[in-house]
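The values are calculated or read from the model by the stated rules, or taken from the named source; none is laboratory data. Computed from a prediction, not measured in an experiment: that's the story for all the values here. A quick note on method: Cβ atoms are made from the backbone with ideal geometry, for glycine too, and the neighbour counts reach across all protein chains shown. With ligands, DNA and RNA removed, areas are computed over all heavy atoms of the protein, side chains included. Shrake-Rupley method; radii C 1.70, N 1.55, O 1.52, S 1.80 Å.
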Number of protein chains: 2
Amino acid sequence: MIQIFTMKNCILLFLLISFTNASGQQKTIQERLGYPKKTKLLIIHADDLGVSHSENMASIHAMEKGVVSSASIMVPCPWFPEIAAYAKSHPDADLGLHLTLTSEWKLYKWGPVTPHDKVSSLLDERGYLNETTGAFLKKAKPEDVEKELRSQIERAKQFGIDPTHFDGHMAAPISSPDFLQILLKLGREYKVPVHVGKQFSQLFGFDFGKYITEKDIDVDRTIMASGADYKRGLDNFYTEQIKSLQPGLNVLLLHAAYDNEEMQAVTVQYVDFGATWRQHDVNFFTSEKCKKLLADEKIKVITWREVRDKIIR
Amino acid sequence: MIQIFTMKNCILLFLLISFTNASGQQKTIQERLGYPKKTKLLIIHADDLGVSHSENMASIHAMEKGVVSSASIMVPCPWFPEIAAYAKSHPDADLGLHLTLTSEWKLYKWGPVTPHDKVSSLLDERGYLNETTGAFLKKAKPEDVEKELRSQIERAKQFGIDPTHFDGHMAAPISSPDFLQILLKLGREYKVPVHVGKQFSQLFGFDFGKYITEKDIDVDRTIMASGADYKRGLDNFYTEQIKSLQPGLNVLLLHAAYDNEEMQAVTVQYVDFGATWRQHDVNFFTSEKCKKLLADEKIKVITWREVRDKIIR
C-alpha cells in the first residue's frame, strides 16, 4: 500500500523519502527508482559547463569516453552557446543547469542574463556578477535572485535545452533560506530535481532539511574534493570515496577541463579548482582504474534524468 | 602664419588638414605631426583585443616583439578584464577602443555593456549583440547606439584605460550617417582621434567625408586584407602594400591571435578572419622580413597616441 508520508519529528525533516513500501516502512530512494535497498547509486557529475571551450570539450570527453554520467551548464557564460548546441544535437546527454550567481575568475568575467538594472543587487561595482559567494550573500535581494534564475532557465529553454536537474554554482543559490526556497520552488515548477548538497548546511549556518519536502529529491551524500584533498592527491581521494560508498543516492561532483592555455588563463591566480586540478579530474574519470573500481565495488552509476523521469515527472 | 582653414567646396570636405604652412598651402597631416611632407607614416594596428585569451596574448606579443604599434580593445567581450589589466600595467602601450555593436561568432557570444532592456534595438532574439553588421543596421536606433558606445567608453575608463583612439568593430559604428556622427561626436568629446576608414564609404553608400570636420583626423589610406587577398597569400599582400605605400597617414589593420584550440573554437565555421589567418598576421608582423621591408621603404611607424597628443589634445 502506498501512502503519503507524514513527517513526525525533526529528524525526519531531513528525509524526502515520501512513500512507504508494502510492509509499511519508508521506501528508500533506491527502491523508488526500482533498485534493491542495498544499491549504491552514484551520479558522477561534472560542474561548470559553458565556462570555457576547454571545460566544454573536456566534460564532453569525460561523459562520452569516461564514467561521468551527468553535468550541468552555466547559462550566463560566454561559451554557453557551444554547449547548448551540443545539448541540442545530443538529446540523450544528461545535462542540467548549474545556476550561476557569481563570476569568480580574475580576468575573465560574465554578467547576469537579466538586464543589469533589473538585478542590480547581484552585481559588483563593474556590472559583473560578484566574485565570491560571500560578496553575493552580503547584498543579493531574493527578488533579484528569483528573476535571474528564471532568466537563466528561460534562456536555456530558448536554446532547446530540457534540463535534467538544477544545481547551484559555488553554492550561491543555496546560501540562505530565502534563496534555497526559490531554487526548490523553481525545481517544482519546472518539474526538475534540485541537487541541494546537504553538506553545505553547516557552512551557511541553517538547516537545509527544513526546506526539503517530499516533493523534492534528497541526495544521501554529496562528495566533492577540497583543497586539502587536492594536496593529498585526487586519485587517492576519489579511490577512497568510491571504496567507502554507502547504499543510497550519492553524487560525486568534479570539474573537467584540459590543462591548456585557455584554462590556465581563466583560472589564473588560483590553485584550487585550477586548470591542473581539472585535468586530474578528466584523467581519473576516464581511466580504466576508475571503471574497474566502480565495477569491483558494485556501484550503479545513474543519471539525473533517471531520477527526474522516474520520480519527478 | 597659422590660420583656421575655411572649407571652400565639396572636394575640400574630404580634407581635414586644418592649418596652412608659411607659404599659404595646407599643411599635410605629416607636417602637422612634425614630419617632412614626403613621409610615409604608418600605424600598424591590431583589432579585436579582449575577444579571447589567444587574441590578447598574440596581440601583446606582436606589439612587444613585432612591429605592431597600436591596437584596440573590445569592451563587451569576456576577456576584456585581462587586456584592461595589461593596459593599466603598461601605460605606454598604444591601446584604443574597438567600439563593438556586433557579436559575430557562432558558439561564443557577448551582450552589450548597457542593461539589455535599455538598448533593445541592438540585440538579437537571444539578447546578444547581432551577429552581422547587416542585422545590426536593420533595426539599431541611434539613441541606443550612443548609449552603448558611451557605456563602453565609461567602462574602459572605470578599468583605468585612457584610450589613444576609437574605431569601430566590423564597421558597425560607421555604417550609417547617424552612427558615424555619434562616433565622431564622442571622439571630440573625449578628445580622442577616431579612425573612420574612408574605404567603407562605398560599402555603406554615403559620403563619410561629409561628416569629417577639421576637428577630426582623416586617415589618407586604410589597408586591410580581404578574403581574396588571404587566398592569394597574406605575405604577398602585406609586402605589396608596404612597397607601394604613399606619403601621408596610413593605417594597416590586422588581427593577431594564435592558431590554437581556443581561437579555432571561437572562429569555428569561418575561414575569413579565422584562427589560421590571425596566426599568419602574427607571423608576418613579428618577422625580420617585415622589419627590413619597413626600413628599406623608409616607412615611419607611428602610434595613435602621437596623433592624439600632437593634434587632438
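When the criteria are applied in full, A:PRO173 fails the requirement of being touching a strand residue (DSSP E or B) at 6+ places or on another chain (Cβ under 9 Å) and assigned to a loop (DSSP other than H, G, I, E, B). Only residues in the range B:232-249 that are over 13 Å from B:PHE284 (Cα atoms) and open to solvent by less than 70 Å² (accessible area, probe 1.4 Å) count as the first member; pair them with residues that are modelled with pLDDT of 95 or more and assigned to a helix (DSSP H, G or I), Cβ under 6 angstrom, at least 6 apart or cross-chain, and list the lot. Partner pairs satisfying both residue conditions: B:LEU249/B:ILE29.
Residues of the range B:105-122 that are in a helix (DSSP H, G or I) and more than 12 Å from A:PRO112 (Cα to Cα): B:ASP117, B:LYS118, B:SER120, B:SER121, B:LEU122. Give me a count of the residues in the range A:75-90 that are assigned to a helix (DSSP H, G or I), open to solvent by 10 Å² or more (accessible area, probe 1.4 Å) and more than 8 Å from chain B (Cβ to nearest Cβ). Here the count works out to 4. Here A:GLU125 clears all of (1) open to solvent by 30 Å² or more (accessible area, probe 1.4 Å); (2) assigned to a loop (DSSP other than H, G, I, E, B); (3) away from chain B (no Cβ under 13 Å) except the condition numbered (3).
Among helices (runs of 4 or more DSSP H) entirely within the range B:251-313, having at least 1 residues that are β-branched (Val, Ile, Thr), open to solvent by less than 10 Å² (accessible area, probe 1.4 Å) and touching a strand residue (DSSP E or B) at 6+ places or on another chain (Cβ under 9 Å) singles out B:275-285, B:304-307.
Suppose the filter is part of a loop (DSSP other than H, G, I, E, B), over 20 Å from the mean Cα position of the chain (by Cα) and surrounded by fewer than 15 Cβ atoms within 10 Å (Cβ to Cβ); does B:GLU143 pass it?
no
Name the single residue, out of those in the range B:197-220 being assigned to a loop (DSSP other than H, G, I, E, B), under 21 Å from B:HIS45 (Cβ atoms) and open to solvent by 70 Å² or more (accessible area, probe 1.4 Å), that is modelled with the lowest pLDDT.
B:GLN199
Selection within the range A:91-109: residues that are open to solvent by 10 Å² or more (accessible area, probe 1.4 Å) and within 20 Å of A:SER69 (Cβ to Cβ). The member of this set that is farthest from the other protein chains (Cβ to nearest Cβ) is A:ASP92.
Identify all residues within the range B:31-58 that are of a type in the set (S, T, N, Q) and either open to solvent by 10 Å² or more (accessible area, probe 1.4 Å) or under 17 Å from the mean Cα position of the chain (by Cα) (or both); write none if there are none. B:THR39, B:ASN56, listed by residue number. Taken over the range B:195-212, the criterion of being under 17 Å from the mean Cα position of the chain (by Cα) and small (Gly, Ala, Ser) is satisfied by B:GLY197, B:SER201. The numbered conditions (1) within 14 Å of chain A (Cβ to nearest Cβ); (2) within 21 Å of B:SER287 (Cβ to Cβ) are all true for B:ALA71 except (1).
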